[in-house]
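Each value in this text was obtained by applying a stated rule to the coordinates, not by laboratory testing. Note that the structure is a prediction, hence the values are computed from the model and not measured. Quick reminder, even Gly has a Cβ in these numbers, built from the backbone with ideal geometry, and neighbours come from all protein chains shown.
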Amino acid sequence: MKKRMKIKGRLRVYLQASLFLGILLAFVNLGIYFLDIRAAFLMSGAMVFYFAVVLILLFYNKPIIMNELISFATEYGQIQRALLRDMEIPYILMDESGKVMWSNDAFNLLVHKENGYRKVITNLFPTITKEKLLSDSNEWKEDVIFDDREFELHMKKVSLRDMAANSDILEEPDYNGYMIAAFFFDNTALKLALRENDNQSLAVGMIYLDNYEEALDSVEEVRRSLLTALVDRKINKYIAALDGITKKIEKDKFLIVLRKESVLQLAASRFDLLDDVKTVNIGNEMAVTLSIGIGLDGLSYAQNYEFSRTAIDLALGRGGDQAVVKTSDNITYYGGKSQQVEKNTRVKARVKAHALSEIITSKDKVIVMGHRMADVDSFGAAVGIYRIALELDRKAHIVLNEVTTSVKPLIDMLKNNSEYEEDMIINNAQAIEAAASNSVLIVVDVNKPSITECPELLRTCKSIVVLDHHRQGTETIENATLSYVEPYASSACEMVTEILQYVKDGIKPRNEESNCLYSGIMIDTNNFMTKTGVRTFEAAAYLRRNGTDVTRVRKLFREDATEYKAKADAVSHAQIYRDVYAISVCKAQGVQSPTIVGAQAANELLNIKGIKASFILTDYQDRIFISARSIDEVNVQIIMERMGGGGHMNTAGVQLEGATIEDAMNLIKETLDAMIEEGELQ
């Protein structure tokens, strides 16, 4: 076998060099024959002897050289194997399915297995799935954890094509098999150091007292300073225990500086400072509530401060009594279990009304829109803004594409009145065309861009005004020229009614417009039973003085027999989950506006004794609409936000795409279970 083996490369040239030199010597000898015949014969004899010696040595040494080369290669391979086996970095070879074919001592020591472990790697590292092993990538890496140690795993496919081509065993010419080589680099110390460094980074926060003035007014004057001192002490002591710094910057505002590690502790306790402060009681009728905004993980301290300002604005915009933590790519909410405190003063409404008047008068046209599938509150508020625009001598339009059952009586009432122009209500295409000129877009009853009637208008109009009573979420309308969001207001119609009283020293709406505004307040408060405050009744009284026909409004919203039966069916088939949550389905067949009926059914379920929250599911337009309602014990907004929606503490909802009724039902139950386990729900 060794005789059949051939040497190639530089070694072959080296061994055959003496033969090449002998040939050169033969040519020289031939030349000598032309010079001296005796010298040539002598040279020929020497040349024959030279060739004999070279050939004998060449053929004799070749087997010896081959033996030496084979021995070296064998020893070299054993050395390589020993190096891999004794290498301190865990290393394995796997087949295509992830089954371990060979492992070194470091890997065996890591996984506490004897040499010869031949099972699938997924059994030891569940994150290394079969899908990853069969992926098209030839090389990849990922982080894995084993025995509380963190590793960076590098994997690379090693092709066996060349081996198969030269094999005497395999006959498959197109064999594309491969092995997978994997190295485990221990990054435990590095990751620990990085985490420790990250935990020591500074976070900036702001704490506002939501109801400072109201709480002080509820206690006698001589004890007000004591109440303030107790609240200040409670906040300072709490933050100091977290190794943080507190600085009071105004009578009801604090600036705090914490380590990120302390913020994580706060999050783990679900910001129990919110509940701790409520325990301060020296005879005050109203408990003090806080709003906390914290910014962290910014590129600089200044950016963290801006994050905290955004976070506190979100906390206040959502009604207060909650904490918001904002990072560069995430916003997390905590708390928000208390009812919002109604502000008795109308100063803010007057200021916003004057600002709105200035914006409208500076434009040529006013475009008003609410949310998709407009309800009575959305349309009523739009009608109120329409009246303001006309009183300020500006052309106005209301954007409305789909007329729901609830809104149809109001639209018919306006269309039957010759005082209103035909282009009062326009669709999306007409609105986009109208927005091309010098116009202002006023968005009512919604602050989430994705569910507005025409999201394209938000990009078309440079001047945008937002009037809404829903709690703000992560998705908000940005760069608004004027934003008036009051979560404590019962409805958008209530807010617009207040604004009407401060534009041009008071605007008297027409009877039809008063009916629209009154209808919005009535529907959103469930006939003045929920979220009604002093200002709600004052707004209703103002509208009543301006021609609202209460009897006509009631007749406008009498239900169709089919809708009434659908609502009754949803109530009768409700299932009670965990003894306090009512969940049911509203059937959409034969009902023109099933989502409205579903919302009404959710309100009806709250009349059942012991029910804290109700959820009605409606399959409509290839989506699952969920209407969530509560009275005072459960914040349905945070439940719906978990599922991608939002709303109020007592009124919220979500739309699910690509889901079935069963999927939505299970999602509600899973969300409730998770929030109860986490302590967000009782």
- Item | Å³ per residue enclosed by the Cα convex hull of segment 551-617 | 84
- Convex hull projection area averaged over all views, the chain, Cα basis, nm²: 51.8
- Task: Sort E641, E220 so the one with the fewest other Cβ atoms within 10 Å of its own Cβ comes first.
- Result: E220, E641
- How far, in nm, would the chain grow between K237 and D36 when pulled straight, counting 0.36 nm per residue and subtracting the alpha carbon separation? 60.5 nm
- Are there chymotrypsin sites (Phe, Trp or Tyr not before Pro) in segment 13-66 that DSSP marks as loop and that have at most 14 other Cβ atoms within 10 Å, and which are they? F34
- Note on the structure: Hydrodynamic calc, segment 345-442: Kirkwood Rh from Cα pairs, then Stokes-Einstein at 10 °C with viscosity 1.306 mPa s, so D in µm² s⁻¹ is 113
- Query: Given only helices, namely DSSP H runs of n ≥ 4 each adding -39500 (n - 2.57), what is the per-residue ellipticity at 222 nm of the chain, to the nearest 500 deg cm²/dmol?
  - Reply: -13500 deg cm²/dmol
- Using a cut-off of under 17 Å, list every residue of segment 234-263 whose amide N is near the label point 7 Å from the Cα of R309 along the Cα-to-beta-carbon line. 249-250, 253-257
- Query: Measuring from label point to label point, each 7 Å out along Cα→Cβ, what is the F59 to L83 span in nm?
  - Reply: 4.0
- Grab the beta carbon distance between L299 and N607, set R0 = 60 Å, and tell me the FRET efficiency rounded to 0.05. 0.70
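Place a +1 charge on the Cβ of each Lys and Arg in the chain and a -1 charge on the Cβ of each Asp and Glu, then give the dipole magnitude about the Cα centre in debye, rounded to the nearest 20.
Here the chain has a charge dipole of around 1560 debye.
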- Projected area averaged over orientations for segment 561-678, convex hull of C-alpha atoms, nm²: 6.6
- Task: Filter the GluC sites (Glu not before Pro) in segment 427-481 to those in DSSP coil with at most 16 other Cβ atoms within 10 Å of their Cβ, and list the result.
- Result: E475, E478
- Once phi is turned into θ = phi - 60°, what whole-Hz ³J(HN,Hα) does the Karplus curve with 6.51, -1.76 and 1.60 give for every residue of segment 614-631, x standing for Gly and Pro? 10, 9, 10, 9, 10, 8, 8, 6, 6, 9, 9, 8, 10, 9, 10, 9, 8, 9
- A correct fewest-to-most ranking of V444, V597, V407 by other Cβ atoms within 10 Å would be V407, V597, V444
- Item | Residues in segment 90-124 that a label on L134 would reach, taking backbone N under 14 Å of a point 7 Å out along Cα→Cβ | 96-99
- Query: Label-point separation (nm) for K348 and I631, each offset 7 Å from Cα along Cα-to-Cβ?
  - Reply: 2.8
- What residues qualify as long-range amide H neighbours of R259, i.e. H under 5 Å apart, gap of 5 or more or another chain, H built at 1.01 Å from N? A203
- Whole-Hz Karplus ³J(HN,Hα) for segment 134-149, in order, using 6.51 cos²θ - 1.76 cosθ + 1.60 and θ = phi - 60°, x for Gly and Pro? 9, 5, 7, 5, 8, 8, 7, 9, 7, 8, 10, 10, 8, 6, 6, 10
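Kindly put H112, H397 in sequence by how many other C-beta atoms sit within 10 Å of each C-beta, fewest to most.
Ordered by Cβ neighbours within 10 Å, fewest first: H112, H397.
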- Task: Pop a pseudo-label 7 angstrom from the Cα along the beta-carbon direction at both E657 and E678 and give the gap in nm to one decimal.
- Result: 2.4
- Query: Which FRET efficiency value, to the nearest 0.05, is calculated for L482 and V534 with the Förster distance at 22 angstrom and r the Cβ-Cβ distance?
  - Reply: 0.30
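Please label the shape of segment 347-556 as rounded, prolate or oblate, based on the square roots a ≥ b ≥ c of the eigenvalues of the alpha-carbon gyration tensor (a/c under 1.5 means rounded; beyond that, a/b larger than b/c means prolate, else oblate).
The shape class here is rounded.
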- Task: Scan around G336 for amide H atoms under 5 Å from its own, H built in the peptide plane at 1.01 Å from N, and keep only partners 5 or more places away or cross-chain.
- Result: Q322, A323
